[in-house]
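S.K.: Structure incoming, see below.
The values are calculated or read from the model by the stated rules, or taken from the named source; none is laboratory data. Computed from a prediction, not measured in an experiment: that's the story for all the values here. Glycine also receives a Cβ, built like all others from the backbone with ideal geometry; neighbour counts cover every protein chain displayed. The protein model used for the area step is the full one, side chains on, heavy atoms only, and it has no ligands, DNA or RNA in it. Shrake-Rupley method; radii C 1.70, N 1.55, O 1.52, S 1.80 Å.
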Amino acid sequence: MLGLMQSQPLSISSLIEFAARHHGEGEIVSRRVEGDLHRYTYKDAAQRARQLAEALDALGVQPGERVASIAWNGYRHLEMYFGVSGSGRVLHTINPRMHPEQIAWVMSHAQDQVVCFDMTFLPIVKAIHGKCPSVRHWVALCDADKLPPDSGIPNLLSYEVLLAAQTGNYRWPEFDENTASSMCYTSGTTGNPKAALYSHRSTVLHAYAAALPDVMGISARDSILPVVPMFHVNAWGIPYSAALTGAKLVFPGPGMDGKSIYDLIELEQVSYAAGVPTIWQMLLGHMEPNGLRFSSLKRTVIGGSACPPAMITAFNDHYGVEVLHAWGMTEMSPLGTVCTLKSKHLAMSEEGKMKVRLKQGRAIFGIDMKIVNAEGKELPWDGKTYGDLLVKGPWVLREYFQGVGDTHAVMPLVNGWFPTGDVATIDADGYMQITDRSKDVIKSGGEWISSIDIENIAVAHPAIAMAACIGMAHPKWDERPIVAVVKKPGAEVSREDLLKFYEGKAAKWQIPDDVVFLDTMPMGATGKMQKSKLRELLKDYQLPDLR
Ligand code: ADP
């Protein structure tokens, strides 16, 4: 027997319409490429998203066709989130930090029809427009007077001119909630970029889950700063959850340095922020020497790569900001786990609580997870046994858009579970801890060494800003770890002192064999350390006992 409730399809347009109706005056503040701060409301955003949808009709863009963005976090990008997807097209958010060749590759792979870009990225568009035959319209996210006179880009349109030409009487279409809504390519740290293709259903369910108190805990009283880019897994879904709750949104635009982020947090009384550890490193690096404090920031979600303990301590103990350590993937929309304490933890010592906080956290409702051994046998949740982490749920990828990279092969699920490529433990309370990515684990003498553990110890040293641990081939041990580090500006530490710092913090056989000092760390397009590049840089390197 079927239930007798209405089966209205879940839709992204309903999020912005809800925000416009119930939080119409809710503010959206954006630092623009133009340099100024732009302010408007959810009501304005909804109106302009409808105008964009109408403009896409006028351009003849069909349902299901891809409309790409190359843009910073800002209000026009937000309008694309709702206008493109809400009207039944697919928003393809492109990471501008990818190499232009790779951008042209993903555009052809996605068969983008329209590309909207911030003027900062004009040089990219100039470099690639001849290599993207599927693109019919290039749209600059600016006013007509900001369009370059002789860009050489055919059919270059101004976004504002496009919007101004519409009536504003658009009505959102209704369609199956499983309709594709947006797509995001992985940054390719593990091979060719592969695209996750989200649906209205997966996006709205994820938005509900993300807003929950023990997840991101987003409310109408929050002022949220998503520093995580809107081209990186939909800014972790924050724009959707913000519309769902009516929270104020503050967009940093191109101002991603420590000072710009700090100033914006204070100016807009941000209560809540989200980003990868590298961003917070820059923020703390600005605040510490200048003796600055937060007047409004209460919580920050840190994820995308392991959050070093030193950072959790700095935020929690020194600045009174609660850190929500989160884990997820492009293939998971992205949220899988968030680390919030249970009531049983509240009576623990600060040290005990810290041990829990360091983990990537508990699965959120909607995500099922397990760890398995090489034979696929499920492993116990004892906090010690590690294995390959598998997940499933309504916002987890089933298969990649048009297969895997160039090959068009479909990466199969394992009995309905998505293999994350991460190695993890899960404890009896259900807290998952990533020990490594399977390709980064260091296999030494039949034992595994977690590169994350080795990196965390290095960055706890006061002179170290960044650390990456990689395995080097060794005839006897198979692999031995070395740690590549970048020192904090003006700070000094010797190889010997850093290796000594490991004593008592890691088992003897886990201590790296060597330290390599770098001026800068190779970083990937999503702000993560790029170990593949590091390995390339160190291809002629020899371990001390093999020299
Ligand atoms: P990619 O880097 O391959 O493009 P994502 O940006 O989707 O893909 O990154 C997902 C991966 O990032 C996860 O599989 C995991 O290895 C890593 N990751 C994400 N969050 C965390 C975290 N909190 N701690 C450790 N690793 C994390």
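S.K.: For the range 484-496, take each phi angle, set θ = phi - 60°, evaluate the Karplus expression 6.51 cos²θ - 1.76 cosθ + 1.60, and give the result in whole Hz per residue in order, putting x for glycine and proline.
M.R.: Each residue's phi maps through the Karplus curve to give 9, 10, 10, 7, 5, x, x, 8, 10, 7, 8, 4, 4 Hz.
S.K.: Compute for the range 443-537: radius of gyration divided by Kirkwood radius, i.e. Rg/Rh, restricted to C-alpha atoms, rounded to two decimals.
M.R.: Values: Rg = 13.0 Å, Rh = 13.6 Å.
Radius of gyration relative to Kirkwood radius: 0.95.
S.K.: Let me ask something else about it. Out of every Cα pair in the range 306-424, what percent are spaced more than 21 Å from each other? Kindly include the intermediate steps, with their values, before the conclusion.
M.R.: Details: 3366 of 7021 pairs.
Counting every Cα pair in the range 306-424, those more than 21 Å apart make up 48 percent.
S.K.: Which trypsin sites (Lys or Arg not before Pro) does the range 139-224 hold that lie in a coil by DSSP with at most 14 other beta carbons within 10 Å?
M.R.: For trypsin sites (Lys or Arg not before Pro) across the range 139-224 that sit outside H, G, I, E and B with at most 14 neighbouring Cβ atoms in 10 Å, the list reads R171, R221.
S.K.: What pairs in K353/K505; K298/K344; K298/K355; K126/K439; K488/K533 have C-alpha atoms more than 27 Å from each other? The partial results should precede the final answer.
M.R.: Values: K353/K505 18 Å; K298/K344 22 Å; K298/K355 21 Å; K126/K439 36 Å; K488/K533 21 Å.
From K353/K505; K298/K344; K298/K355; K126/K439; K488/K533, over 27 Å: K126/K439.
S.K.: Give me the percent of the accessible area of the chain that comes from carbon and sulfur atoms, probe 1.4 Å, all protein chains in place.
M.R.: Exposed carbon and sulfur together represent 53 percent of the surface.
S.K.: To check my understanding: the extent here is largest minus smallest coordinate of the Cα atoms along each principal axis. What are those three numbers for the range 389-547, in Å, largest first?
M.R.: 49, 40, 36
S.K.: Once you charge only the Cβ atoms, +1 for Lys and Arg and -1 for Asp and Glu, what is the size of the charge dipole of the chain about its Cα centre, to the nearest 20 debye?
M.R.: The dipole magnitude comes to about 300 debye.
S.K.: Excluding same-chain residues fewer than 8 positions from K539, which lysines have a Cα within less than 16 Å of its Cα?
M.R.: K531
S.K.: How large is Rg over Rh for the range 379-480, taking Rg from the Cα atoms and Rh as the Kirkwood inverse mean of 1/r across Cα pairs? Write down the numbers at each step before the final one.
M.R.: Details: Rg = 16.8 Å, Rh = 16.0 Å.
My calculation of the ratio gives 1.05.
S.K.: Same structure again: Can you compute the helix-only [θ] at 222 nm over the chain? Use -39500 (n - 2.57) per DSSP H run of at least 4 residues, normalise by all residues, nearest 500 deg cm²/dmol.
M.R.: Working: 17 runs with 152 residues, N = 547.
One gets -8000 deg cm²/dmol as the mean residue ellipticity at 222 nm.
S.K.: How large is the dipole of the range 391-536 about the Cα centre if only Lys and Arg carry +1 and Asp and Glu carry -1, each at its Cβ, rounded to the nearest 20 debye?
M.R.: Using only the charged Cβ atoms, the result is roughly 180 debye.
S.K.: Tell me, what is the FRET efficiency for N169 and Q8 to the nearest 0.05, using R0 = 30 angstrom and their Cβ-Cβ distance as r?
M.R.: My answer for the efficiency is 0.85.
S.K.: Just to check, using Stokes-Einstein with a Kirkwood Rh over alpha carbon pairs, what's the diffusion coefficient of the range 266-325 at 4 °C and 1.567 mPa s in µm²/s?
M.R.: It diffuses with D of about 112 µm²/s by this estimate.
S.K.: Can you work out the Karplus-derived ³J(HN,Hα) for every residue in the range 421-429? Use 6.51 cos²θ - 1.76 cosθ + 1.60 with θ = phi - 60°, whole Hz, and x for glycine or proline.
M.R.: Once θ is set to phi - 60°, the couplings for the range 421-429 become x, 9, 10, 8, 10, 10, 8, 4, 8 Hz.
S.K.: Right, something else. Report D for the range 106-171 in µm² per second (integer): Stokes-Einstein, Kirkwood Rh on Cα pairs, 4 °C, 1.567 mPa s.
M.R.: 102
S.K.: Amide H of I464 versus every other amide H placed in the peptide plane: which residues, excluding those fewer than 5 positions away on the same chain, fall under 5 Å?
M.R.: K488
S.K.: Counting only residues 5 or more places away or on other chains, whose amide H sits under 5 Å from the amide H of V516 once H atoms are built in the peptide plane?
M.R.: V483, A484, V485
S.K.: So with the 1.4 Å probe, I'd like the accessible area per residue for the range 443-537, rounded to whole Å².
M.R.: Working: 4610 Å² over 95 residues.
Accessible area per residue, the range 443-537: 49 Å².
S.K.: Determine the percent antiparallel among the DSSP beta bridges restricted to the range 443-537, to the nearest 5. Walk me through the intermediate numbers first.
M.R.: Working: 14 of 20 bridges.
Close to 70 percent.
S.K.: Within the range 185-252, report the chymotrypsin sites (Phe, Trp or Tyr not before Pro) that DSSP leaves as loop and that have at most 15 other Cβ atoms within 10 Å. Write down the numbers at each step before the final one.
M.R.: Numbers: sites: Y185, Y198, Y208, F231, W236, Y240; in loops: F231.
The qualifying sites: there are none.
S.K.: To continue, here is another question. Evaluate E = 1/(1 + (r/R0)^6) for L59 and Q402, where r is the Cβ-Cβ distance and R0 equals 25 Å; express this FRET efficiency to the nearest 0.05. Don't jump to the answer; show the numbers that get you there.
M.R.: Numbers: r = 24 Å, r/R0 = 0.96.
E between L59 and Q402, to the nearest 0.05, is 0.55.
S.K.: So, for the range 50-95, what is the accessible surface per residue at a probe of 1.4 Å, expressed in square angstrom? If you can, show how the numbers build up before the last one.
M.R.: Values: 810 Å² over 46 residues.
Here the residues of the range 50-95 average 18 Å² of exposed surface.
S.K.: Hey, got a sec? Which GluC sites (Glu not before Pro) in the range 29-75 land in a DSSP loop and have at most 15 other Cβ atoms within 10 Å?
M.R.: Sparse-neighbourhood loop GluC sites (Glu not before Pro): E34.
S.K.: Work out how much length Y541 to R221 would gain on full extension: take 0.36 nm times their residue separation and subtract the Cα-Cα distance, in nm to one decimal.
M.R.: 109.9 nm is the gain from fully extending Y541 to R221.
S.K.: Stokes-Einstein D for the chain at 4 °C, 1.567 mPa s, Kirkwood Rh over Cα pairs, in µm²/s?
M.R.: Approximately 53 µm²/s, per Stokes-Einstein.
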